[in-house]
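The values are calculated or read from the model by the stated rules, or taken from the named source; none is laboratory data. Note that the structure is predicted; figures quoted are calculated from it, not measured. Here the Cβ positions follow ideal geometry from the backbone for every residue, glycine too, while neighbour counts run over all protein chains shown. Ligands, DNA and RNA are excluded from the accessible area calculation, which covers all protein heavy atoms including side chains. Shrake-Rupley method; radii C 1.70, N 1.55, O 1.52, S 1.80 Å.
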Amino acid sequence: MYKKLKITRKKKIGSIPGTLLYTGEKVSAPVKVSLITYNSKDFDEGDITSFDHKKINNKDLVSWININGLHDTEVINKLNTIFPVHPLVLEDVLHVNQRPKMEDFKEYLFVVLKMFQYDVEKEVIKSEQVSFILYPNTLITFQEEAGNFFDGVREHLRRDKGKIRALNADYLMYALIDAIVDNYYLILEQLAEKIELLETEVFANPNKITLKRIHYLKQEIIMLRKSVWPLRDVTSLLYKDETDLVCSDTRFFFRDLYDHTIEVMDIVETYRDLTSALMEMYLSSISNKMNEIMKVLTMISTIFIPLSFFAGVYGMNFKHMPELELVHAYPLVLSFMATIAIVMLIFFKRMKWL
């Protein structure tokens, strides 16, 4: 499948910086807000329709507020009354084509990432922006639409698996980002299968559809590369930056996440080189195919050159041409011309031109 890349504006021309304007696709579904609170002993989960300051800001519990849907700016405004952040941060949350980054505002951390999902039916990669705002004991996540990316983390919280319930909100953010990075490997597996199939198609029977598939694959890899390169800087800052919001124990996990990001980046670079090689292979295959066609046409033309000569000579019909009076002249000339064609074919075969 082939589609053009779209360039979207960050905000409406002439609008004031910090204006809340959702730049994603318009949807009619209501915004869903879920709240999970926990510590090593207690756990509570559910959807909320109103923001209760006491329930959300309980210092004895870690709170995870997840907002599914960014098209309703009223929900963002209500949350901002409890957790006030800079207007430009909220603008970046709603600008869904934001470059992955991490910003330290001392009171909170703001992180933007890209999350990818492979649509098996349409055979395309769908991207979604995920934003994180980290407070000392609260993590707020913003998603464009509901999905199952974080179900594994939720299940670990419910069953108290691993260290997640014993640590703070910074470890929760690590677990969510790690789930996103792990999903990159699944996307890379799909891209590897595409590259393998295209290699077979390029060698077997390349055509215009093959060229479009290679071009679209290259666009997908470029899109993935634009997200992975800045993600490396984000994970690097999370384990190197001196901020009180990320404790020393969690920094080791972010360092491991940084290593995974480097590995993903290396694979993406390899796939980009393979895609460029696929394009060269396609052009080479088309050129070889054209050379084969031209060789066959040249052979046919070469065979018909002497035949055309004899046909031209006896087509002049001069009065004193002796062969015109012979009874068997016509079959003799045809036999002679066929013999010449056969001899030339045998010669081409021995020379391995056929």
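Note on the chain: with a GNM built from Cα contacts shorter than 10 Å, the maximum mean-square fluctuation among LEU231, LEU198, LEU94 falls on LEU198. The solvent-accessible area of MET351, taken with every protein chain present and a 1.4 Å probe, is close to 90 Å². Model label sites at ASN39 and LYS122, defined 7 Å from Cα along the beta-carbon direction, differ in position by 4.5 nm.
Give the carbon-plus-sulfur fraction of the accessible surface of the chain in %, rounded to a whole number; probe 1.4 Å, heavy atoms of protein chains only. Here carbon and sulfur together make up 58 percent of the probe-accessible area. Mean separation of Cα pairs under 8 Å and 6+ residues apart, divided by the residue count of segment 151-258: what relative contact order is that in percent? RCO, segment 151-258: 26 percent.
One chain, two ends: LEU334 and TRP353. Fully extended at 0.36 nm per residue, the span grows by 4.3 nm beyond their Cα-Cα distance. Every Cα-Cα pair in segment 145-285 was counted, and those over 23 Å apart are 48% of them. Listed by chain and number, the aspartates and glutamates whose C-alpha is less than 20 Å from the C-alpha of LYS352, apart from same-chain residues fewer than 8 away, are GLU292.
Working from Cα pairs under 8 Å separated by at least six residues, relative contact order for segment 196-334 is 29 percent. Once the Cβ-Cβ distance between MET294 and ASP266 is put in as r, and R0 is 41 Å, what FRET efficiency do you end up with, to the nearest 0.05? Approximately 0.45, to the nearest 0.05. Against the criterion of solvent-accessible heavy-atom surface with a 1.4 angstrom probe, THR141, THR23 sort, most first, into THR23, THR141.
By the rule of a C-alpha distance below 16 Å, with chain neighbours fewer than 8 residues away ignored, the aspartates and glutamates paired with LYS106 are ASP170, ASP241, GLU242, ASP244.
A Gaussian network model of the chain, with springs between Cα atoms under 10 Å, assigns the largest mean-square fluctuation among VAL296, VAL228, VAL181 to VAL296. What whole number of Å gives the distance from the Cα centroid of segment 288-354 to the Cα centroid of segment 81-157? When both Cα centres are located, 75 Å separates them. Rolling a 1.4 angstrom probe over the protein heavy atoms with all chains in place gives segment 221-354 an accessible area of 67 Å² per residue.
Summarising the overall dimensions of segment 18-177 from its C-alpha atoms, the Rg and Dmax are 15.4, 46 angstrom. By a 1.4 Å probe calculation restricted to protein chains, ILE164 has an accessible surface near 10 Å², given to the nearest 10. Expressed as a whole percent, the proportion of Cα-Cα pairs in the chain lying more than 40 Å apart is 38%.
Over segment 78-207, accessible surface divided per residue gives 43 Å², non-protein components excluded, 1.4 Å probe. Of the cross-linked pairs LYS122/LYS212; LYS101/LYS161; LYS194/LYS218, those separated by over 18 Å at the C-alpha level are LYS101/LYS161. Return the aspartates and glutamates within reach of LYS32: Cα separation strictly under 12 angstrom, same-chain partners fewer than 8 residues apart disregarded; answer none if there are no such residues. Filter leaves ASP47, ASP72, GLU144, GLU145. Considering only MET316, MET173, MET290, the mean-square fluctuation computed in a Gaussian network model of the chain, springs between alpha carbons under 10 angstrom, is largest for MET316.
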